[in-house]
Amino acid sequence: MTTYMHESAQGEKGFTLVELAVVMIIIGLLIGGILKGQEMISNAQITATVAQMKGIEAAASTFRDQYDAFPGDMANASTRLINCNANPCDDGDGDARIDVNVGAVPTLANEGAFFWNHMRVTDLITGFDGSATLSFGAAVPVAEIGGGYMVGHTSTGITGFTAAEMRPGHYIVLTGQLAAVANGTGVLTPSQAARIDRKMDDGRSVSGSVVSETTAACRDGNNYNEDDQDQLCNLAIRIQG
């Protein structure tokens, strides 16, 4: 019996230190590869979103050049633009601005929805179908990073942002919900917001053509609170005067 137990114990060998080290190295490489892959996906989303926002500004400028009117505000859109004769694509009031607060939710029957659909029916932007449903992908476009966009003009009013930090003009708002900008309605982490700001502007949350919502949790002084990844922040991006 003693001999049998001894032989059995000899046959039940564990991993050597070298084998354990190899396993740990493989696990480390797998984790590193996953994290690197996630970083690459995030970088691609940021880059695509920046390109999309620049494309929106270019589309608005092109529309103004072609039609001598600002998209969404064109007073005779129902007669000049093909397939634009019912909400969310109809006539604006022709006062050269979108009559919606920056950061406010649009309706199907105001210039906040007409802005996007005037450009959609003229093939200047895509990313939504223009149907009469107030949601991202329907009446308004989806953002590459998630969520979608709203639009407004500072002279009409400002919701969820600090007026003193914004230059007069039109802004698109990158947000997570079709709701008035407030704490938790955004789609960006502070780090993502900061990276977009650095690519498009001065990298500061309180100045320039890109600013963050007023919520203190998204900010660290004049910068973004990049150490906190649990916040959902909104960004306002100036596109036209």
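For segment 153-188, what are the residues that are polar (S, T, N, Q) and either under 14 Å from the mean Cα position of the chain (by Cα) or farther than 25 Å from Ala96 by Cβ (or both)?
Initial filter on segment 153-188 (polar (S, T, N, Q)): 154-156, 159, 162, 175, 177, 183, 185.
Result: Thr175, Gln177, Asn183, Thr185.
Would you point out the residue of segment 90-112, among those that are under 22 Å from Gly160 (Cβ atoms) and acidic (Asp, Glu), that is surrounded by the most Cβ atoms within 10 Å (Cβ to Cβ)?
Glu111
Tally time: how many residues in segment 168-206 are touching a Pro at 6+ places or on another chain (Cβ under 9 Å) and within 18 Å of His153 (Cα to Cα)? Spell out how you get there, then give the answer.
Going through segment 168-206, the residues touching a Pro at 6+ places or on another chain (Cβ under 9 Å) turn out to be 178, 205.
Adding the requirement that they be within 18 Å of His153 (Cα to Cα) leaves 178.
Within segment 168-206, residues that are touching a Pro at 6+ places or on another chain (Cβ under 9 Å) and within 18 Å of His153 (Cα to Cα) number 1.
Looking at segment 123-241, what strands (runs of 3 or more DSSP E) fall wholly within it and have at least 3 residues that are among the hydroxyl-bearing types (Ser, Thr, Tyr) and at pLDDT 95 or above?
Per the criteria, no element qualifies.
Applying the selection to segment 82-111, what residues are in contact (Cβ under 8 Å) with a residue 60 or more places away in the chain and among the charged types (D, E, K, R)?
Once the filter is applied, which keeps residues that are in contact (Cβ under 8 Å) with a residue 60 or more places away in the chain and among the charged types (D, E, K, R), segment 82-111 yields only Arg97.
Please specify each residue of segment 198-223 satisfying the condition of being surrounded by 17 or more Cβ atoms within 10 Å (Cβ to Cβ) and within 15 Å of Ala143 (Cβ to Cβ).
Met200, Val210
So is Ala163 buried (at least 24 other Cβ atoms within 10 Å of the Cβ) and aliphatic (A, V, I, L, M) or not? Can you show your working first?
Details: buried (at least 24 other Cβ atoms within 10 Å of the Cβ): no; aliphatic (A, V, I, L, M): yes.
No; evaluated as a whole, the condition is false for this residue.
Hey, could you check segment 113-147 for residues that are more than 27 Å from Thr47 (Cβ to Cβ) and of a type in the set (Gly, Ala, Ser) and say which is surrounded by the most Cβ atoms within 10 Å (Cβ to Cβ)?
Here the residue is Ala113.
Mind listing whichever residues of segment 75-88 are within 26 Å of the chain's Cα centre (by Cα) and buried (at least 24 other Cβ atoms within 10 Å of the Cβ)? Step through it out loud before you land on a result.
Narrowing segment 75-88 to residues within 26 Å of the chain's Cα centre (by Cα): 87-88.
Result: Pro88, single match.
Given (1) of a type outside the set (S, T, N, Q); (2) free of Cβ contacts under 8 Å to residues at least 24 places away in the same chain; (3) not in a loop (DSSP other than H, G, I, E, B), identify the lone condition not met by Phe114.
(2)
The values are calculated or read from the model by the stated rules, or taken from the named source; none is laboratory data. Since the model is a prediction, treat every value here as computed from it, not as a measurement. Cβ coordinates were reconstructed from backbone atoms using ideal geometry, including for glycine residues, and neighbour counts include every protein chain displayed.
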